[in-house]
Structures are given as structure tokens and as C-alpha cells.
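Quick notes on the structure that follows.
Here, each number is a calculation from the coordinates, and none is a lab measurement. Every value quoted in this text rests on a predicted model; they were computed, and no experiment measured them. Neighbour counts run over all protein chains shown; Cβ positions are idealised from the backbone, glycine included.
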Amino acid sequence: MKINSLKVRKINKFINRLSKELEEQMREIQISNSNYNSEDMCIAGTPLYLHLNSYMNENVFPAMGLAKYAKSSAEKMFFCNYLCILLYSFIELYAQCLNVYYHLDLIPIHKAVDRSVISGGGIVEQTKQGLFDISGRVVSIESVIKELSKKYQTNEYFEIIKNILEMDEIRRLKELRNNQLHYQPVFGRFNQSYILGNDGFFTINISPNNADIDKKEYFEFVSLSERIINEEIKLIYYFVEMIIDKKMLLKEEKERKLCVVKCMKCKRDLLLPEEIISYMKVLEVLPVFPHNNECNGKVNLDIIRKVNVHPEKYCSIAFDAIRRTIGEDC
């Protein structure tokens, strides 16, 4: 399957545009008042975000480019069928990331493989090591959303994520993917249909299609795929917002308060527990908190205001402040 140099340039330009859109979405994230110290904190969800980001850049975007600019009918059929699987696999990967980030402990989507007994090796190797039946609720986007709604207090990001997943485009994608896996390819040389007879039994009818791809179906699928990609980029965006801005609280949890103070050198707002501020005032010491690569200035202990944060965020900032105030071995 040869693709001429002009097509390669068009495909690469298209892939780069999609990658740039994803990158710009991430830059647009507005870090709220509860996250001034985020550069200095260990964000547990970062590898999950990078996993989603990598999947889009390395799998979905190239497949979209190849499907959009394929020349022959055979190429268009192949890349469109491939793209359909990749687009819904992103939704399954997204479910896995939410499952891990919120500690839902739902089992992997492929029930035959028990990840808990696997160590090392790639995915192909893992299928040899964990092949036995396990019980429990299997990860799916539906089960994850249901479990999150049951265990956690909702927030604006979760509501937007749910709305995206309920869009007609995502529903259509699921139907296309199910059709592809269990019935027939979205695009193919043969058309397969089932006919219910008078005797109550189904008969299968397989008939050849034209050698050329149906242009109307093809362009509709390409358009649908581009809209789906835009929504999947938004899903990554709002997942990152939950990581760095507002993680959902468990039903019984309450937010904690931190104080906003200011760096005397770069004038950036930072967060500190009020207890640490009181302690430093008693010692009459201005603490130094390296909060980014460019600045490790002293902190003005005058409290500007107080903000609510997730308990995990509070504990992380409090521990870091204690470590820097009392010593590395605390």
C-alpha cells in the first residue's frame, strides 16, 4: 500500500494540527485558587493523563489522517475500520483511567486476564500469565460512571464528562464499534444481514458490495470521526481539570481550608496551612518554598484569603510545608 509524498505531507500536516489542538486545550486549563502550589506537588493522576494524551497522538490522530486522505477504496475501508476500533478503545481507556484515579477497584475490561497476578512483560506476554476466570464488576464506561455517581459527590467537570459521553456521536460510535466487532466491518466487500423467517428462525444473507466504497457513507463517517475526536480531546481536558483543580469528594468527605499567601520575590500566590503560618510567625522566620524552577523566594506570611481544597490536596501541601519547615526527615 503506497502513499505518495504529497499525501504524506497532507497526512502529517493534519496530524500536527490535531496534536496542536490537543496541546492548546491543555494550556487553556485555568488552575483555580486551590492549586497555586501544583508545580511543587506530586500529582497522582499525571501518568494517566499522559497515557490518554499519548494514545491520541500515537494512535487516533495518525489513523484519522490516513482515513481522511486515503486514495483507493481498499485503503479507505481499511483505515476507517481501524479508526472505528481506535476511537472507541479510547473510551474504554478513559474508563480505566477514571477507575484507577478514583480507586474504584473494578476489574480489567478483559475478564480472562487478572492484572493483579501479572508482573513485567508486555501486553502480549501478559495474556499468557493471567489466563483464568476472575469475578467482580468489569470496567466499562457505564459501570465507572455508575460507581462514581454512587460513591462520590459530583462536580462541574464530572457533569460535563457525563454530558459528552451521552452525546449522539459517542452513542453512534459505540454502535459502530459493536457492529465492527460482533457483526461485520463498517466498510467491507460484503454486506451481511439477518432475516427473520415465518418459522421464527433467523437466516443469514451475505451479498457482495460494489468494489468502490460508498462515498456518502465514507464522508459521513470521516465527519463523524472528526467530531468524536474533538469530544475526546475535551474528555482529556476535563480529566486534567479534575486532577489539578477539583477532584471529586467521597460522599462523606468535606473540603479543607488553606491560606493564600504571596511569594515576596515573584509575587505568585501560594497555599499554606494556617497552622504552619502561625508556627512560623511564632519563630519569627520567613519560610522559603521553592515553588517553580525559576523562584525559591521567601514567603510573606500575611494571609490574603482562605480557599477550600480537596483533603488530598490539603494533606499533600501540609506535608510538604512541614517537611520544608522542620526538616527533610520529618
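Before moving on, here are some points about what is shown:
- For H310, H182, the sequence from fewest to most other C-beta atoms within 10 Å is H182, H310.
- Seen from I228, the other residues with C-beta closer than 12 Å to its C-beta sum to a net charge of +1, counting Lys and Arg as +1 and Asp and Glu as -1.
- Expressed in units of 2.2 N^0.38 Å, where N is the residue count, the Cα radius of gyration of region 256-326 is 1.01.
- Surrounding net charge for V285, when Lys and Arg each add one and Asp and Glu each subtract one, Cβ distance under 14 Å: +2
- Cα gyration tensor, region 235-284 - rounded (a/c under 1.5), prolate or oblate: oblate
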